[in-house]
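The values are calculated or read from the model by the stated rules, or taken from the named source; none is laboratory data. Quick caveat, the model's predicted, so the values are computed rather than measured. Glycine gets a Cβ as well: all are built from the backbone with ideal geometry, and neighbour counts include every protein chain shown. For accessibility, only protein heavy atoms count, side chains too; no ligands or nucleic acids. Shrake-Rupley method; radii C 1.70, N 1.55, O 1.52, S 1.80 Å.
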Amino acid sequence: MNYEIEVTLAESRKAKPNVNELAFGTCFTDHMFMMDYTPETGWHHPRIVPYAPISLDPAAVVFHYGQAVFEGMKAYRTKEDKILLFRPEKNMERLNLSNERLSIPPVNETFLVEAIKKLVSIEKEWVPADEGTSLYIRPFIIATEPYLGVRPARTYTFIVILSPVGAYYAEGINPVSIYVENNYVRAVKGGTGHTKTSGNYAASFKAQEEAQKHGCAQVLWLDGVEKAYIEEVGSMNVFFKVNGEVWTPALNGSILAGVTRDSVIQLLKEWNIPVKEKRISIEELYAAYTDGTLEEAFGTGTAAVISPIGSLKWNDKNLVINGGESGSLSMKIYDTICGIQTGEKEDPFGWTVEAE
């Protein structure tokens with residue numbers, strides 16, 4: 001592969017949005033990164049070009065069989081006006097795990113981190129500076145071959161687009177109510193639950209609608225076989241503090257290995273707080289609730305970092321956790337990770353990378 005990135009700058013630039021009016025994923029920067037794959041050449045023609053619609057054949061495999069994967073990451077502006085990425089190598093590593101499961105050719109992880117750094121550097125004026133804001137980075141791969149036979153495509157396009165986003169918690173962190181889903185399932189071992197493939201998210205919409213009908217913000221997913229063991233909350237990993245220990249579902253082939261999840265586990269170990277990756281049944285969690293040892297619950301992910309859970313609605317039961325308030329450990333984790341991401345706290349793990 002030719003590692004020289006061709007750069008074509010936009011002739012005119014868009015007006016930057018009002019930082020107070022930023023919504024998630026609705027505004028996009030002036031440029032995007034692209035490269036293509038063919039069996040003869042492999043991944044080739046890396047380029048940064050003006051952001052624009054792309055042209056695809058109506059028979060492209062991505063439309064018919066959903067052969068697509070993506071990642072989500074962020075860039076942050078520090079008080080010293082540096083632009084930092086948070087653990088980008090982990091996202092590219094996970095992208096290749098998704099590629100392997102979806103029969104998409106692997107990408108060069110090191111090169112793509114450098115390509116993303118270059119794109120973000122070109123678009124650095126788009127990285128907002130206000131507290132809680134960031135530049136969201138969306139790398140994705142789509143199958144482009146026009147073919148209606150059921151097999152992996154032979155051609156692909158890799159694209160990275162950027163979107164400035166506002167503070168996830170515009171009015172402060174407020175714990176949310178979660179609906180325990182007993183009917184629909186998110187994934188099963190041997191499926192695609194451990195990957196970031198588009199179809200996983202489309203399949204979750206119906207359960208999300210059901211949760212909202214019950215007055216809840218999100219779904220707590222149970223396993224797809226016994227419907228007894230906790231897996232994820234919405235599109236986030238989930239943690240519970242029980243009698244001084246922190247529990248999170250063990251990676252089992254159907255749970256996504258979140259970058260924030262891994263960061264939280266490392267922090268807890270650094271703080272000498274016991275953390276267990278284990279199978280957690282909803283019955284076990286309910287028992288902890290009834291005996292008063294369920295102290296906190298929270299989701300973790302790129303968008304929110306930490307999302308405290310105030311209550312769980314399970315069948316006819318309403319489990320109010322920590323009086324419906326954010327827990328002290330949840331807030332400590334949130335403040336620490338956000339501080340590292342924005343350069344305001346020491347980064348002893350070497351998690352941040354400066355965009356050049």
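Annotations
- Electrostatic tally near Phe205: other residues with Cβ closer than 14 Å to its Cβ, Lys and Arg +1, Asp and Glu -1, net 0.
- Counting protein heavy atoms only, the stretch 73-174 has 48 percent of its accessible area on carbon and sulfur, 1.4 angstrom probe.
- Reachable lysines from Lys189, criterion Cα separation under 18 angstrom, eight or more residues apart if same chain: Lys227, Lys278
- Extension gain for Asn318 to Phe111 (0.36 nm times residue separation, less C-alpha to C-alpha distance): 69.7 nm.
- Given charges at Cβ of Lys, Arg, Asp, Glu: the chain dipole, positive-most of Thr192, Ile321, Phe240: Thr192
- Among Asp316, Asp36, Asp335: highest mean-square fluctuation, GNM of the chain, C-alpha pairs under 10 Å: Asp316
- Test item: Cα-centred dipole of the stretch 1-67, Lys/Arg +1 and Asp/Glu -1 on Cβ, debye: 300 debye
- Magnitude of the charge dipole, the stretch 130-211, Cβ model with Lys/Arg +1 and Asp/Glu -1, debye to 20: 600 debye
- For the options Glu346, Glu232, Glu131, a Gaussian network treatment of the chain with springs between C-alpha atoms closer than 10 Å singles out Glu346 as fluctuating the most.
- Secondary structure note: in the chain, about 80% of the DSSP beta bridges are antiparallel.
- Which of Ser281, Ala304, Gly339, positive extreme of dipole for the stretch 239-346 (C-beta unit charges): Ser281
- Unit charges on C-beta of K, R, D, E only; dipole of the stretch 70-185, Debye: 300 debye
- Top of Tyr65, Tyr168, Tyr76 by mean-square fluctuation, Gaussian network on the chain, Cα under 10 Å: Tyr65
- Look at the alpha carbon pairs under 8 Å that are at least 6 residues apart: their mean separation over the length of the chain gives a relative contact order of 18 percent.
- Protection proxy ranking for 103-110, 298-305, using the average of other Cβ atoms within 10 Å per residue and placing the highest first: 298-305, 103-110.
- Calculated FRET value between Glu93 and Arg138, using beta carbons and R₀ = 22 Å, to 0.05: 0.85
- With the helix formula -39500 (n - 2.57) applied to DSSP H stretches of n ≥ 4, the chain reaches a computed 222 nm mean residue ellipticity of -7000 deg cm²/dmol.
- Accessible area per residue for the chain, computed on protein heavy atoms with a 1.4 Å probe, is 45 Å².
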